[in-house]
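The values are calculated or read from the model by the stated rules, or taken from the named source; none is laboratory data. Keep in mind it's a predicted model, so treat the numbers as computed, not measured. No Cβ is skipped: glycine too gets one built from the backbone with ideal geometry, and neighbour counts run over all protein chains shown. In case anyone asks, the SASA skips ligands and DNA or RNA and just uses the protein heavy atoms, side chains included. Shrake-Rupley method; radii C 1.70, N 1.55, O 1.52, S 1.80 Å.
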Amino acid sequence: MKHFAVIGHPVSHSRSPAIHQAFASQFGHAIRYSRVHATPECFSDVLEAFRAGGGDGVNVTLPFKLEAFARCALVSERAKAAGAVNTIVFRDSEIFGDNTDGLGLVDDLSLRLGVRLRGSSVMIFGAGGATRGVLCPLFEAGCRHISVVNRDVQKAIALCAEFQNVPGNASIRAHPYSDLATLAKSQCFDVLINATSAGLSEKTLEVPETIFASSRLAYDMVYAAKPTVFMQQALQAGCPESSDGLGMLIGQAAHAYAIWHGVMPKTAQLYRDLRAEIDAG
């Protein structure tokens, strides 16, 4: 029986075991999937111990995605662009790393929410690892323009500079929050994405109502039993639709499962089941 795990700090809250067991049941696969806790200073030791014990692969969650990238001998182009790894495969004597976060986001936007990404304009709040991990998949899905908004605009400028060689005529540009009121007068956005920690800290972002009102969808990468502050802020300002990141979580897990097993799980029913469970809780 193949053995997989999610490594994080903390990790007790992770829904990955239930998600992967649900995927396995679709194909009649018999797997073990564990939660493995690692303190910040011992990720490499925990990873090697799991591998030495016969582990076949791991998912990596916060705060270890950058360290996981450094531990991999081989990485996918997606992981290289993100500078982070969330899925690891043990291949003989080598460790291979991939990053499926952006694929999960793209699937959730396009398949579940019906967003046409080809030719779209997207605004992302935050210039950290969460944003870095989704930029390439968004461009590969056909996004025409991405605006990255960050309090430290120099960080956003540096991030955008790394992604200047995007496909076709697509573009990426950095903005401080102070630009947004003016920007709203000249540009509309199909999707607004919160990739900051504001959703977890109950803080609102300094986004003018006009940005929300002229956009189709406000998407928060975190998920909860009730609409996040970002989602509430968007709806109150006139954005017609909002979503949290539960679908992204399930989507990135589905792509990790496909990397490990060579088959892509269906996600729609699992999303409905988890949504009902979370909302009831």
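Per residue, the chain exposes an accessible area of 45 Å² to a 1.4 Å probe, with every protein chain left in place.
Once the Cβ-Cβ distance of Ala213 and Arg35 is raised to the sixth power relative to R0 = 35 Å, the FRET efficiency obtained is 0.25.
Surface composition of region 146-221: carbon plus sulfur atoms hold 48% of the accessible area, using a 1.4 angstrom probe and ignoring ligands, DNA and RNA. Summing +1 for each Lys or Arg and -1 for each Asp or Glu among the other residues whose beta-carbon sits under 12 angstrom from that of Glu162 gives +3.
What does the extension gain come out to for Ser178 and Met1, with contour length at 0.36 nm per residue minus their alpha carbon separation?
The span from Ser178 to Met1 would gain 58.3 nm if fully extended.
Rolling a 1.4 Å probe over the protein chains gives Glu209 an accessible area of about 130 Å².
For region 130-281, the share of DSSP beta bridges that are antiparallel, to the nearest 5, is 0%. Please give the calculated 222 nm ellipticity per residue for the chain, where each DSSP H segment of at least 4 residues contributes -39500 (n - 2.57) and the sum is spread over every residue; nearest 500 deg cm²/dmol? Result for the chain, helices only: -11500 deg cm²/dmol. Its relative contact order, with pairs defined as Cα atoms under 8 Å and 6+ residues apart, puts the chain at 15 percent. Once backbone amide H atoms are built at 1.01 Å from N, Ile124 has Ser147, Val148, Val149, Ile193 as its partners under 5 Å, excluding neighbours fewer than 5 places away on the same chain. Ligands, DNA and RNA aside, Ser121 has an accessible area near 0 Å² when probed at 1.4 Å. Across region 1-119, the mean sequence separation of Cα contacts (distance under 8 Å, 6 or more residues apart), normalised by length, yields a relative contact order of 23 percent.
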